[in-house]
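The values are calculated or read from the model by the stated rules, or taken from the named source; none is laboratory data. As the structure is a computational prediction, the values presented were derived from the model and not from experiment. Cβ coordinates were reconstructed from backbone atoms using ideal geometry, including for glycine residues, and neighbour counts include every protein chain displayed.
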Amino acid sequence: MNNHAHILKFDNSATQRFVELYLESIPLDEYITGAAQPKLNQKALNSIPIPFPSLPEQQRIVGILDEAFDGIATAKASAERNRQNARALFESHLQSVFTQRGEEGDLLVAMTEQAAGLLGSPILVPEPNKFLHNQRLGLVINKPGVAWTNEFFFHVFNTRYVRKEIHDSASGVKVRHTSPTKIGEVVVLFPTSVSEQMAIVAKLNDLDEETQRLESIYQQKLAALDELKKSLLHQAFTGQL
């Protein structure tokens, strides 16, 4: 143990769980010192005024809050699963589209992995002279005679298969790099009709929009549950429970 952890001891008039919940219910900013490394030292911790009702009342408050928090934790876990499932459904559909045989903005792809998962990630540039980048990007263009829409191949570059192929063939230890030659060696299946490509793009865009809507709903539910927890804590220690 070091000086970043403190032991709290209680006499017979207090329970540990009651104190934990009370400290969670109040802002501690005024007791915290240090800018670079904020900390709550023992002296400041001992100066926090904690009202102690009778032990039966402490136990009543703790019982109500713990039961409510268990319900909130279950609801949050469910909302988070649903949020992840919504994204997983889109990813699953995206993979299935590109494993079946069968004048846009520039399509750029990250050639250097300056952050985890960045290598091979695509972007469609909607208009010129509007963006500034600080990494090595590659401009993706089609070979003559190949049916091609940038919107379609933007989704191709977002598939797990293509991203993994690019990552696995890259070089470098600390920072991985790829090249046009290595990217060009990745084999993908795609429709040879521009109209079919655009039809797939339309379906994927609709599904992505719906996925984002669902993710937003579940994110709002998670935020609402956090607010409910704060509200219950406030009510518990202001005599409203």
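When Ser179 is evaluated against the numbered criteria (1) in contact with a Lys or Arg (Cβ under 9 Å, 6 or more places away or on another chain); (2) under 23 Å from Val140 (Cβ atoms), which criterion, by number, is the only one it fails?
Looking at each condition in turn, Ser179 falls short on (1).
Which one is surrounded by the most Cβ atoms within 10 Å (Cβ to Cβ) among residues in segment 187-228 that are part of a helix (DSSP H, G or I), modelled with pLDDT of 90 or more and of a type in the set (Ser, Thr, Tyr)?
Tyr218
Regarding segment 210-223, can at least one residue be identified that is closer than 16 Å to Val140 by Cα and in contact with a Phe, Trp or Tyr (Cβ under 9 Å, 6 or more places away or on another chain)?
For segment 210-223, residues closer than 16 Å to Val140 by Cα and in contact with a Phe, Trp or Tyr (Cβ under 9 Å, 6 or more places away or on another chain): absent.
Return the residues of segment 170-186 that are surrounded by 13 or more Cβ atoms within 10 Å (Cβ to Cβ) and not β-branched (Val, Ile, Thr); say none if nothing qualifies.
Correct list: Ala170, Arg176, His177, Ser179, Lys182.
Filter segment 14-39 down to the residues that are of a type in the set (Val, Ile, Thr) and part of a loop (DSSP other than H, G, I, E, B), then identify the one that is surrounded by the fewest Cβ atoms within 10 Å (Cβ to Cβ).
Result: Ile32.
Do you know which residues across segment 28-57 are within 20 Å of Leu241 (Cα to Cα) and not hydrophobic (A, V, I, L, M, F, W, C)?
Those that are within 20 Å of Leu241 (Cα to Cα) and not hydrophobic (A, V, I, L, M, F, W, C): Pro51, Pro53, Ser54, Pro56, Glu57.
What are the pairs, 6+ residues apart or on separate chains, where a residue within segment 66-80 that is exposed (fewer than 11 other Cβ atoms within 10 Å of the Cβ) has its Cβ under 8 Å from a residue that is among the small types (Gly, Ala, Ser)?
From segment 66-80, no pairs qualify.
Hey, does segment 89-100 have a residue that's part of a loop (DSSP other than H, G, I, E, B), modelled with pLDDT under 85 and of a type in the set (Phe, Trp, Tyr)?
Yes, segment 89-100 contains at least one residue that is part of a loop (DSSP other than H, G, I, E, B), modelled with pLDDT under 85 and of a type in the set (Phe, Trp, Tyr).
Specify which of the listed residues (Thr238, Thr178) is of a type outside the set (A, V, I, L, M, F, W, C) and in contact with a Leu (Cβ under 7 Å, 6 or more places away or on another chain).
Result of the check over Thr238, Thr178: Thr178.
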